[in-house]
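Below: the structure, in structure tokens.
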Amino acid sequence: MPLQIRTFDSSAPDFKQQLDSLLAFEASTDDAIEHAVAAILQDVKTRGDAAVLEYTNRLDRIPGGAASMAAFDVTGEELQAALASLPEAQRAALQTAAERIRVFHQRQKQELGGFTYTEPDGTVLGQKITPLDRVGIYVPGGKAAYPSSVLMNAIPAKVAGVGEIIMVVPTPDGVKNQMVLAAAAIAGVTRVITIGGAQAVGALAYGTDTIAPVDKIVGPGNAYVAAAKRRVFGTVGIDMIAGPSEILVLCDGSTDPDWVAMDLFSQAEHDELAQAIMLCPDAGYIARVMASIHKLLPDMPRRDTISTSLTDRGALIKVRDMAEACAIANDIAAEHLEISAENPQQWAEQIRHAGAMFLGRFSSESLGDYCCGPNHVLPTSRTARFSSPLGVYDFQKRSSIIHVSEAGAQTLGKVAAELAYGEGLQAHARSAELRIRDAQ
């Protein structure tokens, strides 16, 4: 598809309609996928391992067909061997990224501690933080392999103190990606099982004879995986249903236009449905970025995907000033927001909605994808208005602590009883009153 990226001007009378049309994305459900996933999940719930084995052999084209679920387990020795087999530079990069991700999430954990306080009458109130017992991590396989996803999903779970981390990863045609296995070794994954698709989600959610049910499932996948996660939510927790990747660049015109063009490419190359948008007050600079896009695109191995993404869902938008750019950015609530400007902090203070903010011209989004430290699992499709990046808090739960003293029961009991009678719940009221000395 020839590239025809749109250009808008925020001063146009119909700009709001243009922007809304550009941002519109229906995560439409395919009826065929929904029916297939419902059938697979029900089969796994009913037949357990036998169903998982059957679907995995057929859908992943396992050579010769695995005879039992044991064939899909990856041993700790195999994980360590995969790590040792990597070229030194690759192994060092994985280990450096893992350490930076670990340090960031350890800092995050320190900010999430529980608390208690004691009232004058001796009543103690507070909150206790405890990790989940067991989580499942879904890692995509097939055409692309994502060792970075292993690190980003497993390390915060490990830092949170999760007891068991079960990773599932499909291996079409029986081919295992060594970097993915090496990442699992570095991240401290408890168990790796080479299964994928809706059947893997079902096995993690419901449990089978060989796979214990988990408390939460995190990680990206294809349409079948997303549909399965949506269906098992409630039986288990899930992180999010992620949409196509997004990048929004706020630029004052001071950054090399080739850099900005490549930053737009970095998300557009993910998927034809990915979205890359730039906001800038300088019309001349927008023209230079457009020229860079056309100059650099032919050398991109994924130029067809980039071209389709930028043509269908991309835009270069002229705004009045950087303040207006920030206001529009809050409306877009992008997954990745780059503020490529001389004084990025000034504009960052005006941003309320973004999955991750990359400040300054040297902070390319791609660094955040791999090795900065903050998590790259981010809210998409404007859900940054109410959602947060994956973090330690996603692998913890909070329990309230209520230790009422005898003196506290005298005053709180009267308040509770009054409210309970008002709601018509006499047992609630009497339960509180029985602990009041002069009301027994």
So what's the projected area for the stretch 269-394, the Cα convex hull averaged over all directions, in nm²?
-> 8.3 nm²
Which pairs in the list Lys128/Lys216; Lys176/Lys397; Lys176/Lys216; Lys109/Lys216; Lys16/Lys229 are over 27 Å apart, alpha-carbon to alpha-carbon?
-> Lys176/Lys397; Lys16/Lys229
To the nearest 500 deg cm²/dmol, what mean residue ellipticity at 222 nm is calculated for the chain from DSSP H runs of n ≥ 4 alone, each contributing -39,500 (n - 2.57), summed and divided by the residues?
-> -14000 deg cm²/dmol
What share of all Cα pairs of the chain, in percent, falls into each consecutive 20 Å distance bin?
-> 22, 46, 26, 5, 0
Anyone know which of Ala198, Ala183, Ala51 comes out most mobile in the 10 Å Cα GNM of the chain?
-> Ala51
Treating each Cα of the stretch 359-440 as an identical point scatterer and ignoring solvent, apply the Debye formula and state log10 I(q)/I(0) at q = 0.13, 0.26 Å⁻¹.
-> -0.63, -1.21
Would you mind telling me which residue in Ser381, Ser363, Ser340 has the biggest mean-square fluctuation in a Gaussian network model of the chain, where springs connect alpha carbons within a distance under 10 angstrom?
-> Ser363
Area projected by the alpha carbon convex hull of the stretch 184-294, averaged over all directions, nm² | 9.9 nm²
What does the charge dipole of the stretch 40-102 about its Cα centre add up to, to the nearest 20 debye, if the Cβ of each Lys and Arg holds +1 and the Cβ of each Asp and Glu holds -1?
-> 220 debye
In whole angstrom, how far apart do the alpha carbon centroids of the stretch 398-440 and the stretch 263-281 sit?
-> 57 Å
Give the residues of the stretch 341-360 whose amide nitrogen is closer than 20 Å to a point set 7 Å from the Cα of Asp256 in the direction of its Cβ.
-> 341-344, 358-360
Diffusion coefficient, µm² s⁻¹, Stokes-Einstein with Kirkwood Rh over alpha-carbon pairs of the stretch 26-80 at 10 °C and 1.306 mPa s = 120 µm²/s
About the Cα centre, charge dipole magnitude for the chain (Lys/Arg +1, Asp/Glu -1 at Cβ), debye = 720 debye
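Let's see if you can work this out: charge +1 on each Lys and Arg Cβ, -1 on each Asp and Glu Cβ, no other charges. What is the dipole magnitude of the stretch 287-355 about its Cα centre, in debye to the nearest 20? Before the final figure, lay out each step's value.
Numbers: 8 positive and 10 negative charges, 55 e Å.
Its charge dipole is roughly 260 debye.
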Between Phe115 and Ala212, with labels modelled 7 Å along Cα→Cβ, what's the label distance in nm to one decimal, could you check?
-> 3.4 nm
In nm, to one decimal, how far is the modelled label at Glu164 from the one at Glu342, with both set 7 Å along Cα→Cβ?
-> 5.9 nm
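Read-outs throughout are calculated quantities, based only on the coordinates presented, and are distinct from any laboratory measurement. These figures come from a predicted structure and were not determined experimentally. Note: ideal-geometry Cβ built from the backbone for every residue, glycine included; neighbour counts use all protein chains shown.
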